[in-house]
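> Okay, handing you the structure first.
The values are calculated or read from the model by the stated rules, or taken from the named source; none is laboratory data. What you see is a predicted model, and the numbers here were worked out from it, not measured in a lab. Glycine gets a Cβ as well: all are built from the backbone with ideal geometry, and neighbour counts include every protein chain shown. Note: areas computed on protein heavy atoms with side chains; ligands, DNA, RNA excluded. Shrake-Rupley method; radii C 1.70, N 1.55, O 1.52, S 1.80 Å.
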Number of protein chains: 2
Amino acid sequence: MTVVDIHGHLSAPAELYAYKSLLVASRGAHGREGLQLPDEALVAASGRHLDLLRAHGTDVQLISPRPFQLMPSEQPSRIVRWWVRANNDVIAQVCRLFPDVFRGVAALPQCAGVGPADVLDELERCVTELGFVGCLLNPDPSEGVGEPTPPLGDPWWYPLYAKLVELDVPALVHAAGCRSVRETYSSHMITEESIAILSLAESRVFDEFPELKIVISHGGGSIPYQIGRWRAQRLLEGVVVEPYQRSHTPLVERETFDASLQKLWFDSVLYSQPSLELLLRTVGPERVLFGTEAPGSGSPIDVTTGRRFDDVKSLVDGIDWLGDADRTRVLGENAQKLYRLSV
Amino acid sequence: MTVVDIHGHLSAPAELYAYKSLLVASRGAHGREGLQLPDEALVAASGRHLDLLRAHGTDVQLISPRPFQLMPSEQPSRIVRWWVRANNDVIAQVCRLFPDVFRGVAALPQCAGVGPADVLDELERCVTELGFVGCLLNPDPSEGVGEPTPPLGDPWWYPLYAKLVELDVPALVHAAGCRSVRETYSSHMITEESIAILSLAESRVFDEFPELKIVISHGGGSIPYQIGRWRAQRLLEGVVVEPYQRSHTPLVERETFDASLQKLWFDSVLYSQPSLELLLRTVGPERVLFGTEAPGSGSPIDVTTGRRFDDVKSLVDGIDWLGDADRTRVLGENAQKLYRLSV
């Protein structure tokens, strides 16, 4: 069995972030020429990363830029484009250096107020020229403030969905930073995943794009835990004025909320076994893709287990009711099919 | 055993909402005199509500205004005050009509941009004059748009916390509406509960107010499901620059995230048994208070069980690993102690 982790991020040398610092400080007066990093610097920056993957039993990892570093709401938008392009190029270089381990997942140059049509060129470049197998999709390039971006169920996003279907690559829903004082980037990601699912579940997106492949990060935000609320909500549809006084016969026959979830995929980036079990029981093992984000937010050691939180494979292995076939699906087969990997 | 549901909302006749319509339409030119509803109208509006409680085996329910109807971001702020006062008065009247069943939980006249000091008079009135046993606490009176309210860990909220301690009543964290196009009021509530927990857990609020009683609605938003993320996050503290490259020895000794959660309470308004089990295992039965929100968002019938989603007692009863003593705590004892009920 090949263990495929679909949710990893680039481990880069400090020079990459120094380039970002230059872009932001100069507001695009410098930096147009991009960034060239020597192979040795990337090999050095990947050392601990590769050690961790080996220790966790991961064979292949899909890596994208660190989302919280993507700065989609910076101005002018060209510095976002240059920054995203530099990240994607460095990832392509790392994938060439470690072709057995890494596959590239692109960031898109999404910016606050910029429509999806303007990011298709970079997606196409990454897939057709760099051999990337998917992309990140930030549902909130406004980063929690300012003019809200339409949620993912809105036809505003259709140009991107059409391109994803044309290229036959999945998008991993993953917010970037957060500029509101009320949330950190980390909690904002959970919020945005929940909004994404609810919006897609109520939309006609999968009627219009039945082949669209959307993966939701971090086990689907709050949705699997709060699923009773959304199952009930679906049945309240068409009941007006004072729903709690009515007989709750829905006026409109709709698919169940669970059926809506079956059009999505979910990664396993949940750092506790009971939560992972809840996800698997809620959406089924055929809809869950192994993901760890390692190394990253989950890399501290959990003193209760003695393992790092992001050793998610040990959690999957610990679920005794999960049969071998399902375990193999979750740990690699689902990803190999969805991302059309040759590993 | 007395079954106490701490999370119920008022079932009111249409005349209550007609009063709100008058307030908003006239922007406070009319309506200052408040609202008088005849007892008969309230008895009639409570019929189905009482039937449902009986069917579910609930003995006592704490009722507050319907949060999504509270309109905290309407202007001028006096119409919010009049509206909140009318709701609280109707609740007091219902409690007098059904003294064995209902206890009052106040809404506060929180408005976008209005500080907590300005809502203390209504809290005091409800507790000392109307005999209410607690209040709602809306962490986001801005309803998802505009100038953000400081999160609940901010000292901005201290005047309210001081008054809650002085009166010795719990506050139930519960958002109201949402005016962002990205969330519904219902999903915004889940978001706000998560923000509330994370903010309180990182704050000094319980050092300053060790007697403060805060209950989080809807099983704690996303937090119990995403707990691995927050356990790990706590250990990353003080690790700077590139946390994923470091050895993860925290620079600051802090209590664990789980210990922070032990300063809060959580209601059981989760409409699926696996989620409820996750909550109970995560925070323990001594921190969970029975709540249903019935009748409300969970009142449709779940065809998989043949019961209404908000028949949460049947879910609690179905958890075979929950001992009798713990079941009694969850279904009533915890609430009786926390709210100092005489039932």
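> Filtering segment B:278-326 down to residues that are under 17 Å from the mean Cα position of the chain (by Cα) and of a type in the set (S, T, N, Q), which residue is most open to solvent (accessible area, probe 1.4 Å)?
B:S297
> Can you name the condition, by its number, that B:V343 falls short on among (1) modelled with pLDDT under 95; (2) not in a loop (DSSP other than H, G, I, E, B)?
Unmet for B:V343, out of (1) modelled with pLDDT under 95; (2) not in a loop (DSSP other than H, G, I, E, B): (2).
> Give me a count of the residues in segment A:1-17 that are more than 12 Å from every other protein chain (Cβ to nearest Cβ) and surrounded by fewer than 24 Cβ atoms within 10 Å (Cβ to Cβ). Give the derivation first.
Let us first name the residues in segment A:1-17 that are more than 12 Å from every other protein chain (Cβ to nearest Cβ), namely A:1-7, A:15.
Narrowing the set further to residues that are surrounded by fewer than 24 Cβ atoms within 10 Å (Cβ to Cβ) leaves A:1-3, A:15.
Final tally of qualifying residues: 4.
> Looking only at residues in segment A:59-95 that are among the charged types (D, E, K, R) and touching a strand residue (DSSP E or B) at 6+ places or on another chain (Cβ under 9 Å), which one is nearest to A:E40 (Cα to Cα)? Show your work before the answer.
To start, the set of residues in segment A:59-95 that are among the charged types (D, E, K, R) comprises A:59, A:66, A:74, A:78, A:81, A:85, A:89.
Adding the requirement that they be touching a strand residue (DSSP E or B) at 6+ places or on another chain (Cβ under 9 Å) leaves A:59, A:66.
Details: A:D59: 22, A:R66: 21 Å.
Checking each candidate, the answer is A:R66.
> Condition test on B:D154, is it open to solvent by 10 Å² or more (accessible area, probe 1.4 Å) and in contact (Cβ under 8 Å) with a residue 60 or more places away in the chain?
Numbers: open to solvent by 10 Å² or more (accessible area, probe 1.4 Å): yes; in contact (Cβ under 8 Å) with a residue 60 or more places away in the chain: no.
The answer is no for B:D154.
> A further question follows. Among (1) touching a Lys or Arg at 6+ places or on another chain (Cβ under 8 Å); (2) modelled with pLDDT of 95 or more; (3) surrounded by fewer than 23 Cβ atoms within 10 Å (Cβ to Cβ), there is one condition B:Q245 misses while meeting the rest; what is its number?
Among (1) touching a Lys or Arg at 6+ places or on another chain (Cβ under 8 Å); (2) modelled with pLDDT of 95 or more; (3) surrounded by fewer than 23 Cβ atoms within 10 Å (Cβ to Cβ), B:Q245 violates only (2).
> If you check A:E237 against the conditions, is it more than 7 Å from chain B (Cβ to nearest Cβ), at pLDDT below 95 and open to solvent by 10 Å² or more (accessible area, probe 1.4 Å)?
On the way: more than 7 Å from chain B (Cβ to nearest Cβ): yes; at pLDDT below 95: yes; open to solvent by 10 Å² or more (accessible area, probe 1.4 Å): yes.
The answer is yes for A:E237.
> Here's another thing I want to ask about it. Given the criteria assigned to a strand (DSSP E or B), open to solvent by 30 Å² or more (accessible area, probe 1.4 Å) and modelled with pLDDT of 95 or more, does B:R81 qualify?
Working: assigned to a strand (DSSP E or B): no; open to solvent by 30 Å² or more (accessible area, probe 1.4 Å): yes; modelled with pLDDT of 95 or more: yes.
So B:R81 fails the test.
> So which helices (runs of 4 or more DSSP H) stay within segment A:122-228 end to end and still have 3 or more residues that are at the interface with chain B (Cβ under 9 Å from one of its Cβ atoms) and modelled with pLDDT of 95 or more?
Values: elements: A:158-167, A:185-201, A:205-208.
Passing ranges, in order: A:185-201.
> Here is a list of conditions, (1) under 30 Å from A:V330 (Cα atoms); (2) open to solvent by 50 Å² or more (accessible area, probe 1.4 Å), and A:V94 meets all of them except one; can you say which number that is?
With respect to (1) under 30 Å from A:V330 (Cα atoms); (2) open to solvent by 50 Å² or more (accessible area, probe 1.4 Å), A:V94 is out only on (2).
> Could you check B:N88 against (1) open to solvent by 70 Å² or more (accessible area, probe 1.4 Å); (2) polar (S, T, N, Q); (3) at pLDDT 95 or above and say which number it fails?
Checking B:N88 against (1) open to solvent by 70 Å² or more (accessible area, probe 1.4 Å); (2) polar (S, T, N, Q); (3) at pLDDT 95 or above, the one that fails is (1).
> Ok, one more. Report, by residue number, each residue of segment B:271-320 that is within 14 Å of chain A (Cβ to nearest Cβ), free of Cβ contacts under 8 Å to residues at least 40 places away in the same chain and part of a loop (DSSP other than H, G, I, E, B).
Across segment B:271-320, the qualifying residues are B:G284, B:G298, B:P300, B:V303, B:T304, B:T305, B:G306, B:F309.
> How many residues are touching a residue at least 60 places away in the same chain (Cβ under 8 Å), under 24 Å from the mean Cα position of the chain (by Cα) and either in a helix (DSSP H, G or I) or surrounded by fewer than 21 Cβ atoms within 10 Å (Cβ to Cβ) (or both) if we restrict to segment B:22-65?
Of the residues in that region, 8 qualify.
> Is it fair to say A:Q69 is open to solvent by 30 Å² or more (accessible area, probe 1.4 Å), touching a residue at least 40 places away in the same chain (Cβ under 8 Å) and either of a type in the set (S, T, N, Q) or on the phi > 0 side of the Ramachandran plot (or both)? Steps first, answer last, please.
Numbers: open to solvent by 30 Å² or more (accessible area, probe 1.4 Å): yes; touching a residue at least 40 places away in the same chain (Cβ under 8 Å): yes; either of a type in the set (S, T, N, Q) or on the phi > 0 side of the Ramachandran plot (or both): yes.
The answer is yes for A:Q69.
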